[in-house]
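Coordinate-derived values only; no laboratory data. This structure is a prediction, so every number in the text was calculated from the model and none was measured. Neighbour counts run over all protein chains shown; Cβ positions are idealised from the backbone, glycine included.
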Amino acid sequence: MNQEVLFFFEKMPDAVPLYEALEEHILSEIENVQIRVQKTQITFTNPKVFGCVSQLRVRKKSELPEVYIVVTFGLEHKVESPRIAVATEPYPRRWTHHVVVSSLEEIDGELMGWMKEAAEYAARKGRK
């Protein structure tokens, strides 16, 4: 495990396995992914940003699990799902979605489908 990633999760080290599983899925299912660890998020690019992991408080603290990561992805449409904690449209036809992930089982086909769609959307935007 990368030292930068371990430092990123310093306040919630039990979330590292969640991140590792997500990263493994992303790297095995999406081509040409670069990962950049920043102060507030870990960003996935291809070369445009298509998703990230953070520990944003996207719900009231009392509504968040003890251990979690927030997976964020951008699409040109809004996803309607009870798994989406928050969806915003920062500008027309660009929806940012936040999903709270607190178990390995939640890193599933549905979440990875959204991440793959986000990667394709970001790649298309990069070619315009």
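Taken over the range 74-93, the criterion of being more than 15 Å from GLU106 (Cα to Cα) and either in a strand (DSSP E or B) or in contact with a Ser or Thr (Cβ under 8 Å, 6 or more places away or on another chain) (or both) is satisfied by GLY74, LEU75, VAL86, ALA87, THR88, GLU89, PRO90, TYR91. Among the residues of this structure, GLU66 does not count as one that is more than 27 Å from MET12 (Cβ to Cβ) and part of a loop (DSSP other than H, G, I, E, B).
When restricted to residues that are surrounded by 15 or more Cβ atoms within 10 Å (Cβ to Cβ), of a type outside the set (A, V, I, L, M) and either without any contact (Cβ under 8 Å) to a residue 12 or more places away in the chain or more than 18 Å from GLN3 (Cβ to Cβ) (or both), the range 19-47 contains 5.
So which of ARG57, ARG93 is more than 13 Å from MET115 (Cα to Cα) and under 16 Å from the mean Cα position of the chain (by Cα)? Steps first, answer last, please.
Working: ARG93 fails: under 16 Å from the mean Cα position of the chain (by Cα).
Answer to the check: ARG57.
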